[in-house]
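Undergrad: One structure coming up, written as structure tokens, with questions to follow.
The values are calculated or read from the model by the stated rules, or taken from the named source; none is laboratory data. For clarity, every value in this text was computed on a predicted model and none was experimentally measured. For neighbour counting, all protein chains shown are included, and Cβ atoms are generated from backbone atoms with ideal geometry for every residue, glycine included. The area values use the complete protein model at the heavy-atom level, side chains included, leaving out ligands, DNA and RNA. Shrake-Rupley method; radii C 1.70, N 1.55, O 1.52, S 1.80 Å.
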Amino acid sequence: MAGFDFSKAGVTFDYQADGGQIVRCGASGDAHVRLRISAEGDVMNITILPSEPVRIVRFRVDLPFAYQRGDRIFSNGFQSWTDTREYGINERMRGYNRLTELYMKSPMANRLGVNRAGDATFHAYPRGKGVFYGYSYGYVRRDGRVCLLGSLSEKSGYTILTFDARRGAVRVEKDLEGVTFYQETQLLTLVAIEDTYDAAFDRYFEQMNVAKPRAERTCGYTTWYNYYTGINMDIIRRDLNALSAHGGFDVFQIDDGYQTAVGDWFSIRQKEFPDGMRAAADLIHSKGLRAGLWLAPFGAQRDSRLFAEHPDWFVRGRDGEPWLAGGNWGGFYALDIYRAEVRKYLENLFDVVLNKWGFDLVKLDFLYAAAVQPIHNKTRGEVMCDAMDLVRKLTGDRLMLACGVPMMPAFGKADFCRIGADMSLSWRRKLFDGRENASTPNAIDNTVFRRHLDGRAFLNDPDVFLLRNTNIHFDLERRRLLAKVNSLMGSLLFCSDNVSEYGGKQEQALCEILAGERARIVSAGYICKDVMQIRYRQNGREDTLTFRVGNGRLCR
């Protein structure tokens, strides 16, 4: 299998100097700017050396690649929730249909902020067969071997890789929007690896020098997927008692709904939590479990007290107005992490949650919001890397579950990380769906195809499994399938059920999940359209799981 040859790379970029005309420049550069390109072995480095301030409009590296029939191409989505999978070279990349794509670029979507969780505002979606793009790294798989191409750092900006089977090439671009370069800056460090699947990812993470995760495989509970924001201490006490009596669980997490507004974390709903959050954490600890708490630390909804009192703390668009980071909670804004007042506010927030309230784990959600815009002459990628450094520092030695975050900035920073979309209480693909929306089929895809991150970048959170009979709209066979896939490929196994209500089959399924050792995946992928097959070794024996992803039905 012939891999990527950096000696055949074509490098071009367009730039502006002094806000003038856009200049198309070759790899050698010109009077305003030049590039230093070096390729040693399997690593390529590209550094910009401007002689005056320049703004790069477009930067790309083109590499030839000889695709063959039967090759599978891995496309890594923008962030935790973005659909991610392998494709055959003659398939179309799945995601937005044309109507959804038009809507995501419309003035209405901008006004509502519903197009901010993904990359719709700064990257075009490909059309036609055989073209697939993703972020930070990707690969071509041929039988049991992969040719992996990956960035070693997103500090200079997100790396976007487009695999084009029609042209026989891979295009590597950088998201450098909004940045003027004044001095020598390394733009791209790219590695090419050819090996077996697991060996290739072992080598990739060794090249990045990412430390192995310190956390261990964990089972737990979250309030979200049964009660959503309708939680109170009576519900928590009841489900906690059931969980504790059952045994086998490590964490009990209180999700969204304890606070009066996103951003107003110290304004607790008094009727539902009359004794406050310290009492809730103490109750969890009294049952021998670690206490977890949900936060969206970089966000504040429109009608929050935080936004009303400190509007100058938030990221603003080119028009000077606060920039919506998403449509959730009626629209929310993102804090500017480089402001001294914001840093002080975040330091106090984490001190209260971890030390005064006593929580052991924080689920940090909607993290992408910090980098929804390039700010302070920093790319989105650089802002996201800085944001993850910040929350890792503020979390200290407590456990962090990251969610809604671009993958590579979380490598080595998060203890656990969500790697797929929220599961849905129904099992179906939606016609008009965003790439980051709740979807059980998409969650399954991401769990399977991002399995290589588990134990290397962090421990994977595939989202919850649900075995209960109430408040769910697919049958027990499919609930057990979801639980099985999560347990095979995930290391953070959460449910949202009152386990005291389980019947015999549900109890049996739960015991299998809690007792199962971490599986060794022999192979996993689509064997034909919509049919997934996972071959694995677990508890001393080899087995195969074959099912249709679209409807969750087992193939007998």
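Undergrad: Tell me which of these residue 439 doesn't satisfy, since it passes every other one: (1) of a type in the set (Gly, Ala, Ser); (2) buried (at least 24 other Cβ atoms within 10 Å of the Cβ); (3) without any contact (Cβ under 8 Å) to a residue 40 or more places away in the chain.
TA: Failing condition for residue 439: (3).
Residues checked against (1) out of contact with any Leu (no Cβ under 7 Å at 6 or more places or on another chain); (2) open to solvent by less than 60 Å² (accessible area, probe 1.4 Å):
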| position | (1), (2) |
| --- | --- |
| 479 | no, yes |
| 482 | yes, yes |
| 501 | yes, no |
| 505 | no, no |
| 526 | yes, yes |
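Undergrad: Within the stretch 174-186, take every residue that is surrounded by 20 or more Cβ atoms within 10 Å (Cβ to Cβ) and in contact with a strand residue (DSSP E or B) (Cβ under 6 Å, 6 or more places away or on another chain) and give me the one that is nearest to residue 209 (Cα to Cα).
TA: Top of the filtered list is 174.
Undergrad: Name the residues in the stretch 365-379 that are among the aliphatic types (A, V, I, L, M) and not in a helix (DSSP H, G or I), would you?
TA: Once the filter is applied, which keeps residues that are among the aliphatic types (A, V, I, L, M) and not in a helix (DSSP H, G or I), the stretch 365-379 yields 372, 375.
Undergrad: Here's something else I'd like to know. Open to solvent by 60 Å² or more (accessible area, probe 1.4 Å), at pLDDT 95 or above, in contact with a Lys or Arg (Cβ under 9 Å, 6 or more places away or on another chain) and of a type outside the set (A, V, I, L, M, F, W, C), is that true of residue 518?
TA: It is false that residue 518 is open to solvent by 60 Å² or more (accessible area, probe 1.4 Å), at pLDDT 95 or above, in contact with a Lys or Arg (Cβ under 9 Å, 6 or more places away or on another chain) and of a type outside the set (A, V, I, L, M, F, W, C).
Undergrad: Would you confirm whether or not the stretch 201-215 contains a residue that is assigned to a helix (DSSP H, G or I) and over 18 Å from residue 410 (Cα atoms)? Full working, then the answer.
TA: Going residue by residue through the stretch 201-215, those that are assigned to a helix (DSSP H, G or I) are 201-208.
Okay, now just the ones that are also over 18 Å from residue 410 (Cα atoms), so 203.
Taking every residue of the stretch 201-215 in turn, at least one turns out to be assigned to a helix (DSSP H, G or I) and over 18 Å from residue 410 (Cα atoms).
Residue-by-condition table, conditions (1) modelled with pLDDT of 95 or more; (2) touching a strand residue (DSSP E or B) at 6+ places or on another chain (Cβ under 8 Å); (3) part of a loop (DSSP other than H, G, I, E, B); (4) buried (at least 20 other Cβ atoms within 10 Å of the Cβ):
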site	(1), (2), (3), (4)
359	yes, yes, yes, yes
363	yes, yes, no, yes
392	yes, yes, no, no
397	yes, no, yes, no
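Undergrad: Which count do you get for residues in the stretch 2-20 that are open to solvent by 50 Å² or more (accessible area, probe 1.4 Å) and among the hydrophobic types (A, V, I, L, M, F, W, C)?
TA: The qualifying residues number 1.
Undergrad: In this structure, is residue 429 assigned to a loop (DSSP other than H, G, I, E, B) and surrounded by fewer than 23 Cβ atoms within 10 Å (Cβ to Cβ)?
TA: Yes; evaluated as a whole, the condition is true for this residue.
Undergrad: Tell me the strands (runs of 3 or more DSSP E) entirely within the stretch 125-176 that contain at least 3 residues that are touching a helix residue (DSSP H, G or I) at 6+ places or on another chain (Cβ under 9 Å).
TA: Working: elements: 131-135, 137-142, 145-151, 159-164, 169-174.
Filter on the stretch 125-176 gives 137-142, 145-151.
Undergrad: From the list 267, 304, pick out the single residue that is in contact (Cβ under 8 Å) with a residue 24 or more places away in the chain and surrounded by fewer than 19 Cβ atoms within 10 Å (Cβ to Cβ).
TA: On the way: 304 fails: surrounded by fewer than 19 Cβ atoms within 10 Å (Cβ to Cβ).
Selected residue: 267, the only one of 267, 304 that is in contact (Cβ under 8 Å) with a residue 24 or more places away in the chain and surrounded by fewer than 19 Cβ atoms within 10 Å (Cβ to Cβ).
Undergrad: Tell me which residues, restricted to the stretch 133-161, are crowded, with 19+ Cβ neighbours inside 10 Å and more than 25 Å from residue 367 (Cα to Cα).
TA: 139, 140, 141, 146, 147, 148, 149
Undergrad: Please work out if residue 382 is more than 19 Å from residue 202 (Cα to Cα), open to solvent by 10 Å² or more (accessible area, probe 1.4 Å) and not in a helix (DSSP H, G or I). Step through it out loud before you land on a result.
TA: Details: more than 19 Å from residue 202 (Cα to Cα): yes; open to solvent by 10 Å² or more (accessible area, probe 1.4 Å): yes; not in a helix (DSSP H, G or I): no.
Judged against the criteria, residue 382 is not a match.
Undergrad: Another question, if that's okay. Which condition number in (1) in contact with a helix residue (DSSP H, G or I) (Cβ under 8 Å, 6 or more places away or on another chain); (2) outside any strand (DSSP E or B); (3) under 26 Å from residue 508 (Cβ atoms) is the one that residue 219 fails?
TA: (2)
Undergrad: If residue 345 satisfies all but one of (1) farther than 23 Å from residue 267 by Cβ; (2) in contact with a strand residue (DSSP E or B) (Cβ under 9 Å, 6 or more places away or on another chain); (3) not hydrophobic (A, V, I, L, M, F, W, C), what's the number of the condition it fails?
TA: Only one criterion in (1) farther than 23 Å from residue 267 by Cβ; (2) in contact with a strand residue (DSSP E or B) (Cβ under 9 Å, 6 or more places away or on another chain); (3) not hydrophobic (A, V, I, L, M, F, W, C) is unmet by residue 345, namely (1).
Undergrad: Quick one: is residue 413 part of a loop (DSSP other than H, G, I, E, B), farther than 19 Å from residue 75 by Cα and either modelled with pLDDT of 95 or more or among the acidic types (Asp, Glu) (or both)? Before the answer, list the steps.
TA: Values: part of a loop (DSSP other than H, G, I, E, B): yes; farther than 19 Å from residue 75 by Cα: yes; either modelled with pLDDT of 95 or more or among the acidic types (Asp, Glu) (or both): yes.
Spelling it out, residue 413 is indeed part of a loop (DSSP other than H, G, I, E, B), farther than 19 Å from residue 75 by Cα and either modelled with pLDDT of 95 or more or among the acidic types (Asp, Glu) (or both).
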